[in-house]
1. Output the number of the condition that residue 238 fails; it satisfies all remaining conditions of (1) buried (at least 24 other Cβ atoms within 10 Å of the Cβ); (2) closer than 24 Å to residue 292 by Cα.
2. Can you name the residue in the stretch 355-373 that is under 18 Å from residue 116 (Cβ atoms) and in contact with a helix residue (DSSP H, G or I) (Cβ under 9 Å, 6 or more places away or on another chain) and, of all such residues, is surrounded by the fewest Cβ atoms within 10 Å (Cβ to Cβ)?
3. Name the residues in the stretch 313-342 that are in contact with a Pro (Cβ under 9 Å, 6 or more places away or on another chain) and among the basic types (Lys, Arg), would you?
4. For residue 71, state whether it is surrounded by 14 or more Cβ atoms within 10 Å (Cβ to Cβ) and either over 24 Å from residue 137 (Cα atoms) or at pLDDT below 55 (or both).
5. For the subset of the stretch 248-269 comprising residues that are hydrophobic (A, V, I, L, M, F, W, C) and more than 26 Å from residue 280 (Cβ to Cβ), which member is farthest from the chain's Cα centre (by Cα)?
6. Quick check on the stretch 1-20: of everything there that is of a type outside the set (Val, Ile, Thr) and surrounded by 13 or more Cβ atoms within 10 Å (Cβ to Cβ), which residue is modelled with the highest pLDDT?
7. Please report, ordered by residue number, the helices (runs of 4 or more DSSP H) entirely within the stretch 384-477 with at least 1 residues that are at pLDDT below 90.
8. Tally up the residues in the stretch 375-418 that are crowded, with 21+ Cβ neighbours inside 10 Å, among the β-branched types (Val, Ile, Thr) and without any contact (Cβ under 8 Å) to a residue 60 or more places away in the chain, please.
Amino acid sequence: MVAQSSVFQNFWLPNATTWFYFSLLLAVALFFKFSRLFSVRNWDVITIFLLVPGILLIEDAQPSAAQKRQATANLIADVSNSVVAAPVTGLTGVGALARAGELVPKSSLKWGYLWLLCGSGYFLVRCLFDLALVQRPALQPNLNFGGLAWLAGALFICLTAVAFRPEDGRPIQVAPNHQLQAPKESESDKVGREPAALEISQRSLAGWARRTTAVVCHLIVVIGLVLFAKIHFQDPLAGMAAATFYLMLPYTGHYVSYLLHVWPMALIVWALVVYRRPVLAGMLLGLAAGTIYFPVLLFPVWLSFYRSRGAGRFAAAFLGTAGLALAITGLILLLSDDLGRSIAEAINSSDWQPWRVPSAEGIWQGIHWAYRIPVFIIFFALVTVTAFWPAPKNLGHVIALSAAVLIGVQFWYADKGGQYVLWYLPLLLLLVFRPNLSDRRPLPIVTETDWVRRLGARLSRVGSWLLKSPEPLAPVR
């Protein structure tokens, strides 16, 4: 019975390479239209995996925690062996230096970031090209709504397991020819790793909260994609296809526990869901901009989208919510005595300042800082142009230009630029599955039924009553 239970419970989550190959095969089976081989949909289904090889190269160049511990143990063993063999061979320290090289990042790190930027360049061109696409034939996925919903639920459960799995508890194993052995393993280490429940329980509360919030944000993105397509595409099947594709892609599995990657998009997707209400959309985008800075770059696109149809209230809601979020963040940092340090770190950070020497890992590390300034100028010109072109904008333009702006950030952002795929991935999926949205624009403001105007009129009457001077008292005789 013990052997049988170990067979049925010996389940291991796939690594990044396996996830890549199997998700690509499954995506072709679900979304590829074999009756229209040269359609744009088929091309998008294939090319959306374009960044995965770059991420795999970067992951291969960065040894895991277990590999670092393994290399450290081998390094200690080589030092011991070389000291013993020095009188005979005269090769003291050679093996140690060779083992020390295991901890040095490989040259594939640069190639990985270069691949990411080239792939991001293609996505940027694809988003700009989408502005010219008028004919959008309705291509349904190869599975019905119920089947996609079941697959999406199963994938979400798997991603939750990925988010909360132990880091890497594999024991150190020194090669047999080494005289110095690693410390003896405990009984729990002999089976390969500590029990998952025990290892998870030893994590800090902050780590639990961060991973839980990240998983919840992914769920919010999935629900938002389905509702967006149901409300604005009148096609819930397209929304479920986008949500299933989102959960299936290796990017989501690779960064499933990274809150910084998914938090802003959870708010942006729901801003699209409620785009007909400028105040709600402005509040959601303002909250995203007040917590993570880069969504502020979407403000010109959305403001021109609401031109003459609620632009003022959108701007007020955006600026008010962003300011409130910054004030609350500053208060929290002030109470924890971290406000001064956080402000100093933000001011001195070279990640978002192209005129500073980059120090974080990325494509710009080791490259002169002056080459990053022209890239930033071109990006700033793109953001400026989005405020005026095209005019007037429809919902399809907003999706494409928002994705283009967020992709453009990857080119000049110094810290791991190109890896923040989840910042724009849901928008790319909406481009893949969306129909023609030329008639989707904000609703015009009707004075008689506008709640903001009615509320303003009521507040004005209350203010007039409060400020009105009282009638003079009659003289007493």
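1. Status for residue 238: all satisfied but (2).
2. If we filter the stretch 355-373 for residues that are under 18 Å from residue 116 (Cβ atoms), which is where we start, we get 358, 360-367, 371-372.
Right, trim to in contact with a helix residue (DSSP H, G or I) (Cβ under 9 Å, 6 or more places away or on another chain) and you get 358, 361-366, 372.
Numbers: 358: 23, 361: 17, 362: 24, 363: 24, 364: 25, 365: 16, 366: 8, 372: 24.
Among them, the one singled out is 366.
3. Correct list: 313 only.
4. yes
5. Here the residue is 248.
6. By that ranking, first place goes to 20.
7. In the stretch 384-477, the matching helices (runs of 4 or more DSSP H) lie at 451-467.
8. Selection size over the stretch 375-418: 0.
The values are calculated or read from the model by the stated rules, or taken from the named source; none is laboratory data. As the structure is a computational prediction, the values presented were derived from the model and not from experiment. Here the Cβ is made from the backbone with ideal geometry for all residues, glycine too, and neighbour counts use every protein chain on show.
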